[in-house]
Amino acid sequence: MQASPLKIGLLGLGTVGSGVVQILQANKTAIGIKLGRDLEITKALVRNPQLPRQVNYDSIRLTTDAAEIIGDPEIDIIVEVMGGIEPARSYMLEALQCGKHVVTANKDLLALHGRELLDTATAAGKDLLFEASVAGGIPIIAALKQSLAGNQIKQLAGIINGTTNYILTAMAEQGREYADVLKEAQELGYAEADPSSDVDGLDAARKLAILASIAFGSAVTLNDVYTEGISRISKTDLEYARELDYTIKLLALANESEERVEVRVHPAFLPNSHPLAAVKGVFNAVYVVGDAVGETMFYGRGAGSLPTGSAVVADLMQVVRNMKTGANGNLNCTCYRRLEIKPVEEFKSAYYVRLQVKDEPRVLASLAAMFAEAGISFASIIQKPKPDEAAELVLVSHPCQEGQMQQAVENLKVYAKVLNICNIIRVEGGQ
Ligand code: NAP
Ligand code: HSE
């Protein structure tokens, strides 16, 4: 005889929560057979029970009182998909302390308080699983924690924010306006409740902090990640990228060398021949290099109700499998050492520099001398005439240290022939 259904409480029934409900409804029979036990969502916490929902929730009791779920002795697993720091943090700590397993998609919380939450889960002998917190439906956390566990991870590079990739793709390929595409991404359920998290690069930085902590076995938090967003990327930059055979992407980059971790999120020019340049729309991809496995690449939808729900449901099923074998709480925090964070001045990249200058003799030579003084040389230069005896210059440098580029920019700022420093964007993927 099959055991009674295992009861689950949802904290949140928005985009992701609805995806979880939909998947458990659609695949109920197969999931029940795989686990030898049915899963049943009995209660869901919401802010406003009167709101229309994307799913049929007839069998789920909606409540605005978290204690009704966390304090329910019949509920074994809490799925936190409400988002934000508080009260989500307190609810999760309380749930773990009163003996429940927790599955979450909350990267904001994990990137700041991951250690506290994971240690609490381990001390309580409970699972805290968070596959959905990074790259939507791509199983990258399981890959890093389990499938690649025998490797020293050397490098991670990824497109891990669906909203910004959706925006940059539509701007580059359809010439659409930034605000218009962002609105569409919000309507499709890709963007965060506050979409500035997406466009300012914070969402990707949070995910990178989570990935880097697991990959390098050393806690990395949001504050460690150098972060720039996409708001300064203009149609002009996208046009120059096309002319130079590049694509502009919001990249998340991490590597470890000499006991130090480098973690950064920023827009970057990528050669069109690079595998990440082909990742378009809401899709995400994570490229991982391990010392044993070599190069690997993980690809899939990075946001949205069902892709993210897919990761949450997989975690729920893992909790149940662990319950069967008594293995809960064994694979929470995987950090085993403490590495330093590399300072930004030591980052190394090539650069795209777009300037408006006076269209006069010797300006280009003076600029080249200024960059040379900082130890920077150029791989290519484009010059286009502009009205009022001005010219637009696009310089693509050879790789140099961030500190060298900062020195060159200080020189440009005081050179009277430079009318405007329009944009400076890193160029990656050359080597
Ligand atoms: P959402 O659509 O805004 O849904 C949030 C849900 O939580 C809503 O049902 C809301 O209630 C409820 N809620 C929020 N604050 C609450 C509070 N203080 N008290 C009671 N209920 C509260 O958000 P989402 O897109 O599903 O995202 C949820 C989490 O998943 C976030 O951590 C997000 O970063 C993460 N995530 C999202 C995606 C994605 O593609 N959307 C992908 C990966 C991870 P009402 O419905 O009554 O407003
Ligand atoms: N807002 C996030 C994104 C959701 O666009 O990638 C998935 O984490």
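The values are calculated or read from the model by the stated rules, or taken from the named source; none is laboratory data. All values derive from a computational prediction rather than experimental measurement. Using ideal geometry, Cβ is built from the backbone for each residue, glycine included, and neighbour counts are taken over all protein chains shown.
I'm told Gln356 meets every condition in (1) assigned to a strand (DSSP E or B); (2) of a type outside the set (A, V, I, L, M); (3) at pLDDT below 95 except one. Can you identify the failing condition by its number?
The single condition Gln356 does not satisfy is (3).
Confirm whether Asp180 is modelled with pLDDT of 95 or more and either within 11 Å of ligand 2 (Cβ to nearest atom) or not aromatic (Phe, Trp, Tyr) (or both). Steps first, please.
On the way: modelled with pLDDT of 95 or more: no; either within 11 Å of ligand 2 (Cβ to nearest atom) or not aromatic (Phe, Trp, Tyr) (or both): yes.
No: the conditions fail for Asp180.
When you go through Leu93, Leu118, Leu110, Leu144 one by one, which is the residue that is crowded, with 24+ Cβ neighbours inside 10 Å, more than 16 Å from ligand 2 (Cβ to nearest atom), outside the structural domain of Thr221 (by TED's automatic domain parsing) and not β-branched (Val, Ile, Thr)?
Leu144
Filter segment 150-200 for residues that are among the basic types (Lys, Arg) and either within 15 Å of ligand 1 (Cβ to nearest atom) or surrounded by 15 or more Cβ atoms within 10 Å (Cβ to Cβ) (or both); which is farthest from Ile85 (Cα to Cα)?
Looking at the filtered set, the residue picked out is Arg176.
Going by the structure shown, is Asn332 part of a helix (DSSP H, G or I) and buried (at least 18 other Cβ atoms within 10 Å of the Cβ)? I'd like the intermediate steps shown before the answer.
On the way: part of a helix (DSSP H, G or I): no; buried (at least 18 other Cβ atoms within 10 Å of the Cβ): yes.
It is false that Asn332 is part of a helix (DSSP H, G or I) and buried (at least 18 other Cβ atoms within 10 Å of the Cβ).
Residue under question is Gly175, and the condition is that it be touching a residue at least 40 places away in the same chain (Cβ under 8 Å), of a type outside the set (S, T, N, Q) and on the phi > 0 side of the Ramachandran plot; does it hold?
On the way: touching a residue at least 40 places away in the same chain (Cβ under 8 Å): yes; of a type outside the set (S, T, N, Q): yes; on the phi > 0 side of the Ramachandran plot: yes.
Yes; evaluated as a whole, the condition is true for this residue.
Consider Ala365 carefully, then state whether it is loosely packed, with under 14 Cβ neighbours inside 10 Å, among the small types (Gly, Ala, Ser), over 36 Å from the mean Cα position of the chain (by Cα) and not assigned by TED's automatic domain parsing to the domain that holds Ala241.
yes
Let me confirm something: among Leu270, Leu276, Leu316, which residue is of a type in the set (A, V, I, L, M, F, W, C), crowded, with 21+ Cβ neighbours inside 10 Å and more than 21 Å from the chain's Cα centre (by Cα)? Talk me through it step by step, then tell me what you get.
Details: Leu270 fails: more than 21 Å from the chain's Cα centre (by Cα); Leu276 fails: more than 21 Å from the chain's Cα centre (by Cα).
The conditions single out Leu316.
Which residues, taken from segment 392-407, are out of contact with any Leu (no Cβ under 9 Å at 6 or more places or on another chain) and aliphatic (A, V, I, L, M)?
Within segment 392-407, just Met405 meets the criteria.
Return the total of residues in segment 6-39 being small (Gly, Ala, Ser) and part of a loop (DSSP other than H, G, I, E, B).
Residues that pass the stated criteria total 3.
Quick one: is Lys183 in the same structural domain as Arg232 (by TED's automatic domain parsing) and of a type in the set (Lys, Arg)?
yes
Would a scan of segment 310-317 turn up a residue that is away from ligand 1 (no atom under 16 Å from the Cβ), in contact (Cβ under 8 Å) with a residue 40 or more places away in the chain and assigned to a helix (DSSP H, G or I)? Can you show your working first?
Within segment 310-317, the subset away from ligand 1 (no atom under 16 Å from the Cβ) is 317.
Among the residues that remain, those that are also in contact (Cβ under 8 Å) with a residue 40 or more places away in the chain are: 317.
Cutting the leftovers down to assigned to a helix (DSSP H, G or I) gives us 317.
Within segment 310-317, one or more residues are away from ligand 1 (no atom under 16 Å from the Cβ), in contact (Cβ under 8 Å) with a residue 40 or more places away in the chain and assigned to a helix (DSSP H, G or I).
Test Val55 against the criterion of being more than 10 Å from ligand 1 (Cβ to nearest atom), closer than 22 Å to Ala123 by Cα, touching a residue at least 24 places away in the same chain (Cβ under 8 Å) and not basic (Lys, Arg), and give yes or no.
no
Being without any contact (Cβ under 8 Å) to a residue 40 or more places away in the chain and in a loop (DSSP other than H, G, I, E, B) is the filter; apply it to segment 59-90 and report the residue that is nearest to Gly12 (Cα to Cα).
Thr64
All but one of (1) within 16 Å of ligand 2 (Cβ to nearest atom); (2) in contact with a His (Cβ under 9 Å, 6 or more places away or on another chain); (3) small (Gly, Ala, Ser) hold for Ser197; state the number of the condition that does not hold.
The number of the failed condition is (2).
Looking at (1) within 25 Å of Tyr352 (Cβ to Cβ); (2) surrounded by fewer than 19 Cβ atoms within 10 Å (Cβ to Cβ); (3) away from ligand 1 (no atom under 15 Å from the Cβ), find the lone condition where Leu253 falls short.
Here Leu253 meets the rest and fails (2).
How many of the residues making up segment 368-389 are touching a Leu at 6+ places or on another chain (Cβ under 7 Å) and buried (at least 16 other Cβ atoms within 10 Å of the Cβ)?
Summing the residues that are touching a Leu at 6+ places or on another chain (Cβ under 7 Å) and buried (at least 16 other Cβ atoms within 10 Å of the Cβ) in segment 368-389 gives 2.
List the number of the failed condition for Met297; all other conditions in (1) of a type in the set (A, V, I, L, M); (2) farther than 23 Å from Val427 by Cα; (3) under 16 Å from the mean Cα position of the chain (by Cα) hold.
Met297 satisfies all of (1) of a type in the set (A, V, I, L, M); (2) farther than 23 Å from Val427 by Cα; (3) under 16 Å from the mean Cα position of the chain (by Cα) except (2).
If you scan segment 121-133, which residues turn out to be within 16 Å of ligand 1 (Cβ to nearest atom) and either among the polar types (S, T, N, Q) or not assigned by TED's automatic domain parsing to the domain that holds Leu39 (or both)?
Ser133
Looking for whichever is among the polar types (S, T, N, Q) and within 16 Å of ligand 2 (Cβ to nearest atom) here; the options are Thr64, Thr104. Which one fits?
Values: Thr64 fails: within 16 Å of ligand 2 (Cβ to nearest atom).
Among Thr64, Thr104, only Thr104 is among the polar types (S, T, N, Q) and within 16 Å of ligand 2 (Cβ to nearest atom).
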